[in-house]
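Notes follow the structure.
The values are calculated or read from the model by the stated rules, or taken from the named source; none is laboratory data. For clarity, every value in this text was computed on a predicted model and none was experimentally measured. Methodologically, a virtual Cβ is constructed for each residue, glycine included, from the backbone with ideal geometry; neighbour enumeration extends over all protein chains shown. Surface accessibility is based on the protein's heavy atoms, side chains included, excluding ligands, DNA and RNA. Shrake-Rupley method; radii C 1.70, N 1.55, O 1.52, S 1.80 Å.
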Amino acid sequence: MNSDQVKGNWKQVKGEAKKRWGKLTDDDLDTVDGEYERLIGVLQERHGMAREEAKKEVDDFYGKL
């Protein structure tokens, strides 16, 4: 899925995101609302990832949807 498709299907996709990144809260996922850059930022904050690592994780996640 591309980022536009993920944003459009975020309510269905956020459960998968929560499984993958357990430290993300429902509030985090509601704030992200399918936005690519926001998801990267939240992963950096909650999981202590560098930007490139978080970007790689999000790209991998979007690619598997």
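Filter segment 33-65 down to residues that are among the charged types (D, E, K, R), open to solvent by 60 Å² or more (accessible area, probe 1.4 Å) and touching a residue at least 12 places away in the same chain (Cβ under 8 Å), then give me how many there are.
Number of matching residues: 4.
Could we say that Lys7 is within 15 Å of Leu65 (Cα to Cα), without any contact (Cβ under 8 Å) to a residue 40 or more places away in the chain and surrounded by fewer than 17 Cβ atoms within 10 Å (Cβ to Cβ) here? If you could, list the steps in order and put the result at the bottom.
Details: within 15 Å of Leu65 (Cα to Cα): yes; without any contact (Cβ under 8 Å) to a residue 40 or more places away in the chain: yes; surrounded by fewer than 17 Cβ atoms within 10 Å (Cβ to Cβ): yes.
Yes.
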